[in-house]
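See below for the structure under consideration.
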Amino acid sequence: MGTIRSSVSCSSTPPQSFLLRAMTDESEEFEEQKLAYRAVLEERYAKVRAFVNSHSSKVVEPLPFNSGYFMSFNVVGKDAEELRKKLLHEYGIGTVSIDSHTLRVAFSSLEAEQIDEVYASVYKAADEL
């Protein structure tokens with residue numbers, strides 16, 4: 001988990017500065033925005049969790065995750081980079097291959113209603129390899 005977070009999740013200084021300014025804002029508007037966005041992330045997380053709990057594949061196995069941003073799959077017997085390329089070129093889905101056996105999917109950029117379709121495509125592409 002540390003390798004994934006340190007290699008792909010590093011943010012630059014401008015976003016960190018914006019976040020610091022927002023976090024020190026004590027207005028009610030900021031608190032309302034945080035609650036609204038938290039609900040969006042929780043919904044996405046719940047949909048992804050429900051999908052991976054109800055589907056299986058001989059090629060991709062979900063790794064433990066607990067956030068509303070991304071999750072990773074262990075790719076068994078195939079190359080994660082090949083799966084990444086297949087998803088991008090044949091399905092138009094961008095993912096990140098962390099190493100030869102780990103594929104990361106950032107669901108924070110998906111609308112909740114897109115999650116089932118995207119994850120079904122990940123499983124389908126994996127099984128087609």
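The values are calculated or read from the model by the stated rules, or taken from the named source; none is laboratory data. Predicted model only: the values in this text are computed from it and were never measured. Glycine also receives a Cβ, built like all others from the backbone with ideal geometry; neighbour counts cover every protein chain displayed. For the accessible areas, the whole protein counts, side chains as well, though only heavy atoms, and no ligand, DNA or RNA atoms are used. Shrake-Rupley method; radii C 1.70, N 1.55, O 1.52, S 1.80 Å.
Quick notes
- All positions within segment 48-65 that are under 13 Å from the mean Cα position of the chain (by Cα), assigned to a helix (DSSP H, G or I) and surrounded by fewer than 18 Cβ atoms within 10 Å (Cβ to Cβ): 49
- If you filter segment 84-99 down to residues that are open to solvent by 70 Å² or more (accessible area, probe 1.4 Å) and not acidic (Asp, Glu), you find that the one that is nearest to residue 115 (Cα to Cα) is 88.
- Looking only at residues of segment 66-83 that are modelled with pLDDT of 90 or more and surrounded by fewer than 18 Cβ atoms within 10 Å (Cβ to Cβ), we find that the one that is farthest from the chain's Cα centre (by Cα) is 77.
- The set of residues from segment 92-119 being part of a helix (DSSP H, G or I) and without any contact (Cβ under 8 Å) to a residue 24 or more places away in the chain comprises 109, 113, 114, 117.
- Filter result for residue 37 (open to solvent by 60 Å² or more (accessible area, probe 1.4 Å) and either in a loop (DSSP other than H, G, I, E, B) or in contact with a Gly (Cβ under 6 Å, 6 or more places away or on another chain) (or both)): no
- Residue check, residue 87 modelled with pLDDT of 95 or more, assigned to a helix (DSSP H, G or I) and touching a Gly at 6+ places or on another chain (Cβ under 9 Å): yes
- Taking the criterion of being in a loop (DSSP other than H, G, I, E, B) and either touching a Lys or Arg at 6+ places or on another chain (Cβ under 9 Å) or in contact (Cβ under 8 Å) with a residue 40 or more places away in the chain (or both), the residues of segment 67-78 that qualify are 68, 69, 76, 77, 78.
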